[in-house]
Amino acid sequence: MTVINQALEMLAGCGPEFGSSGLSNHGPMGAEALIALGRGEVVEAWVAKYRKRLEDRPPNIAPVVADAWPEALGNVARVSDWEDFFKAAVDSAPWREVLDTWVPRLSVGMMAGATHGLIRTAHAVRSLAAQEDDGTRLAELVSGLAYWAARYQVMPGAIGSAPPRLASQALPRIPIMPEHLRNSRPTSIFNAVSELDHYPPFAAVIDMAAPGENLSAWISDLTSVMATAYLQNSGVASIAYVHTVTAPSALRMIVPHVSDETARIAARYAWQACAAIHCRSHFPHEFLLPQTPPVREELIDRCVFSGDEHAIKFTEACLREYALNPEPVFLAGPLDVSSRFGRKVRGNQD
């Protein structure tokens, strides 16, 4: 049995969230990221420890009806109904065809579970594309799509005509929500960004950036500018800004398996989701890049030592982006996050 299949079987039966505030189940994503980092030997122990916090898959309520599926969007109580729906879909059509059909539909609600619908789906896609299996990896893709649909969350503003523009050019133009309009103690990222429903200037943001011919380069620019924004906001907004890198980087894992049109639609909404977090959670401060950039293995050692699911996923995404676009922020961000969460890593400690 492969490492990822073992991990997914250990996590079988667990729901997509836990706790009163709806924390996302990072187990499958963290396990797949550890394997991508070359640390498959720690996955079993990490999953066994992480699983203790998880809750059971919720009961079914009613089947999602094929011609009335929009009615079930955004109802997290129906996540098991959505799993049955997508299980039937992948049983009757190739999984890439299902993905290409549903990514455009679900991208409108890209903020789902603080973008974890997209991220969990993408990790499942990478794993499944690496090795088609007897159903374990396919079931994880079903779970990712189901969570995306059940936590579907639409941000103000719909795609309109927009010329190609990089995120680095657009980010300074985003209207930042005044602090006095923000809830100082939001219970979750998705509750925090829901405040933008009552902030009219945000609706125009989705058309401020759009990919040109080179989608990969556009994603690189988006992840780079958001990795910089992470460092500018590290501290109170660290976890929120982690998702502004992991979400668009996750889209990169989906792109090879969907049509160009689907990928570009998803890219527009990925930008919107990142912009929403930035608009609502921007608490900027000065930062300094490390004088000596950390090396890849050091960053991997640190995130594994921390054991924190966000440190693991953020490190893996940043190193993947760094390989395509060697900006120092992709090394500085993981160095920072591993010192903040899980087992603390400071100085030369490993």
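The values are calculated or read from the model by the stated rules, or taken from the named source; none is laboratory data. On a predicted model such as this, the values are computed, not experimentally measured, just so you know. With ideal geometry, Cβ positions are generated from the backbone for all residues, glycine too; neighbour counts draw on all protein chains shown. When the accessible area is computed, the model is the full protein with side chains, heavy atoms only, and any ligands, DNA or RNA have been set aside. Shrake-Rupley method; radii C 1.70, N 1.55, O 1.52, S 1.80 Å.
Table for the structure above
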item: Residue, most open to solvent (accessible area, probe 1.4 Å), within the range 1-26, restricted to residues that are under 27 Å from Leu299 (Cα atoms) and in contact with a strand residue (DSSP E or B) (Cβ under 7 Å, 6 or more places away or on another chain); result: Leu23
item: Cβ-Cβ under 9 Å pairs, at least 6 apart or on other chains, the range 58-71 side within 27 Å of Gly19 (Cα to Cα), far side among the polar types (S, T, N, Q); result: Pro58/Ser80; Pro59/Ser80; Asn60/Ser80; Ile61/Asn75; Ile61/Ser80
item: First in the range 130-141 and without any contact (Cβ under 8 Å) to a residue 60 or more places away in the chain, second anywhere and of a type in the set (Ser, Thr, Tyr) and part of a helix (DSSP H, G or I), Cβ under 9 Å, 6 or more apart; result: Leu141/Thr121; Leu141/Ser127
item: Hits in the range 302-341 (condition: open to solvent by 50 Å² or more (accessible area, probe 1.4 Å) and in a helix (DSSP H, G or I)); result: Tyr322, Ala323, Leu324, Arg340
item: Residues of the range 273-300 classified as of a type in the set (Asp, Glu) and under 22 Å from the mean Cα position of the chain (by Cα), total; result: 0
item: Residue count for the range 274-301, restricted to those that are in a helix (DSSP H, G or I), touching a Ser or Thr at 6+ places or on another chain (Cβ under 8 Å), under 30 Å from Glu195 (Cα atoms) and among the hydrophobic types (A, V, I, L, M, F, W, C); result: 2
item: Single unsatisfied condition, Asp67 versus (1) over 20 Å from Arg343 (Cβ atoms); (2) of a type outside the set (A, V, I, L, M, F, W, C); (3) at pLDDT 95 or above; result: (3)
item: Segments classed as helices (runs of 4 or more DSSP H), wholly inside the range 160-233, with at least 1 members that are more than 23 Å from Arg320 (Cβ to Cβ) and touching a Pro at 6+ places or on another chain (Cβ under 9 Å); result: 189-193
item: Test result for Arg173, among the charged types (D, E, K, R) and over 30 Å from Asn5 (Cα atoms); result: yes
item: Residues located in the range 281-301, provided they are loosely packed, with under 15 Cβ neighbours inside 10 Å and among the β-branched types (Val, Ile, Thr); result: Thr292, Val295
item: Of residues in the range 217-239 being of a type in the set (Gly, Ala, Ser), closer than 15 Å to Ala317 by Cβ and modelled with pLDDT of 95 or more, the one surrounded by the most Cβ atoms within 10 Å (Cβ to Cβ); result: Ala227
item: Inter-residue pairs, beta-carbon under 8 Å, first more than 30 Å from Gly160 (Cβ to Cβ) and assigned to a helix (DSSP H, G or I) and in the range 87-116, second open to solvent by 10 Å² or more (accessible area, probe 1.4 Å) and among the small types (Gly, Ala, Ser), 6+ apart; result: Lys87/Ala139
item: Filter result (surrounded by 14 or more Cβ atoms within 10 Å (Cβ to Cβ), of a type outside the set (Phe, Trp, Tyr), in a helix (DSSP H, G or I) and over 18 Å from the mean Cα position of the chain (by Cα)) within the range 61-78; result: Ala72, Arg78
item: Within the range 241-267, tally of residues that are hydrophobic (A, V, I, L, M, F, W, C) and open to solvent by less than 10 Å² (accessible area, probe 1.4 Å); result: 9
